[in-house]
Amino acid sequence: MNRQSVRTHFRRVGIVVSTMWSRGTGRFSLIVLGLWVLVSLVSLFWTPRSLWQTDGYNVWAKPSREHWLGTDGTGADVLSWLMAGSRTNLAIVVLTVCFALAFGLLLVSLMVSHSTLLANGTVVAIDALISIPTVLIALMLAVPLGASILGIVLACGFGYGLNLARVARPQAMLSARSLYVESALSNGASAARVFFTHVLTNIRPVVTVQCSLAAGTAVLAETGLTYLGVGVPSGVPSWGYSLASSVKFITIYPLTVVWPGLIVTVVVMALNLFGDALHDAADPLSNPRLRRVS
């Protein structure tokens, strides 16, 4: 890649980001996700209190100068646990999206294969497997793995990868059977090169939106699976763990449930809006500024 190509690439990235920032939904998602990443990084080095610092005489305390969001049933600082949990949830989202993306694109490549038997067999397998709930997959993985982050990533990535493949298939098939793809194959281009050069380029908007939806759903899945006991192990900070450990006292100490619940809600909204905003900003058809970049 020459210097001119690098300069053009960064100009496009700058246009996409500035376009997202100029729109309300894009600005909201960028601010929330930026704060999430920042808090995750800060929590690696600093939290208001040590996670294991408890005060048996100050349990279920209301927000105060010493504990901005109060304390839980052990007297631990709620804010510190939520800050530490942000990096756990961020890691789960990144790993889940990467696994779902790789698995989903593998399935798409099989479905657009010129082997009719392989393509039809993949479609039938996806239709059969996609009916299996993510929670059931997580429960099956919990038998050999126990409650673990790996189980969440595998269960969610498997389910979201199937959904990505099913949604992207129509556009991928249209691209794979186009004249320019047939021409590239007849001129000696490999199937892998054609897929990544032509097919993937055409399904990129669909993939972008599906990845953002998978990221948002992964946050919800971590919360639900941890509550069921097959998610994040006990003692590992996460938003789901904070909810699961305090939800039984919601009628007595509601604030301990409100804070993690509010964070999960806002982050999921931001992730869903981010995909739509990025799709619109990165599409030359809807963003004329990109068409002017040479």
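Taking the three principal axes of the alpha carbon atoms in the stretch 29-139, the coordinate ranges are 68, 30, 21 Å, sorted in descending order. Relative to the longest principal axis of the chain, what angle (0 to 90°, nearest 10) does the C-alpha long axis of helix 200-228 take? Once rounded, one gets 20 degrees. Highest mean packing comes first when the peptides 58-67, 222-231, 182-191 are listed by Cβ atoms within 10 Å, giving 222-231, 58-67, 182-191. The residues T71, T8, T47, when put in order of fewest to most other Cβ atoms within 10 Å, stand as T8, T47, T71.
Helical runs assigned H by DSSP (4 residues or longer) give the chain a calculated mean residue ellipticity at 222 nm of -24000 deg cm²/dmol, each run adding -39500 (n - 2.57) before division by the residue total.
Using Cβ point charges alone (K and R +1, D and E -1), the dipole size of the stretch 37-155 about the Cα centre works out to roughly 140 debye. Roughly how many Å is it from the Cα centre of the stretch 147-185 to that of the stretch 249-294, as a whole number? Using only Cα atoms to place each centre, the spacing works out to 23 Å. The relative contact order of the chain comes to 24 percent, based on Cα pairs under 8 Å that sit 6 or more residues apart.
Applying the Karplus relation 6.51 cos²θ - 1.76 cosθ + 1.60 with θ = phi - 60° to the stretch 137-144 yields 3J(HN,Hα) values of 4, 5, 5, 5, 6, 5, 5, x Hz, where x marks Gly and Pro.
With both labels modelled 7 Å from their Cα along Cα-to-Cβ, the S190 to L150 distance reads 3.1 nm. Between V42 and T116, the contour length at 0.36 nm per residue exceeds the Cα-Cα span by 21.5 nm. Loop-located trypsin sites (Lys or Arg not before Pro) in the stretch 161-204 (DSSP state other than H, G, I, E, B) with a sparse environment of at most 15 neighbouring Cβ atoms within 10 Å: R177. Taking the C-alpha atoms only, the angle from helix 24-43 to the longest principal axis of the chain is near 60 degrees. The residue among S115, P205, L101 whose Cα reaches farthest toward the positive pole of the charge dipole of the chain, with charges on the beta-carbon of Lys, Arg, Asp and Glu, is P205. Taking other Cβ atoms within 10 Å as a rough exposure proxy, R49, R292, R23 sort from fewest to most as R292, R23, R49.
In this structure, R292 and L179 have a Cβ-Cβ separation that, at R0 = 22 Å, corresponds to a calculated FRET efficiency of about 0.20. Classify the stretch 1-59 as rounded, prolate or oblate, taking a ≥ b ≥ c as the square roots of the eigenvalues of its Cα gyration tensor: rounded when a/c is under 1.5, otherwise prolate if a/b is larger than b/c and oblate if not. Cα axes put the stretch 1-59 in the oblate bin.
Residue order for F195, F28, F45, fewest other beta carbons within 10 angstrom first, comes to F45, F28, F195. By definition, a body whose alpha carbon gyration tensor gives a ≥ b ≥ c is oblate when a/c is 1.5 or more and a/b is not larger than b/c, and the chain fits this oblate description.
Evaluated on the stretch 136-294, the Kirkwood hydrodynamic radius is 18.5 Å, with distances taken between all distinct Cα atoms. Against the main long axis of the alpha-carbon atoms of the chain, helix 78-111 sits at an angle near 20°.
No value in this document is a laboratory result; all are computed from the given coordinates. Since we're looking at a predicted model, the values are computed, not measured. As a convention, Cβ positions derive from the backbone with ideal geometry for all residues, glycine included, and neighbour counts pool all protein chains shown.
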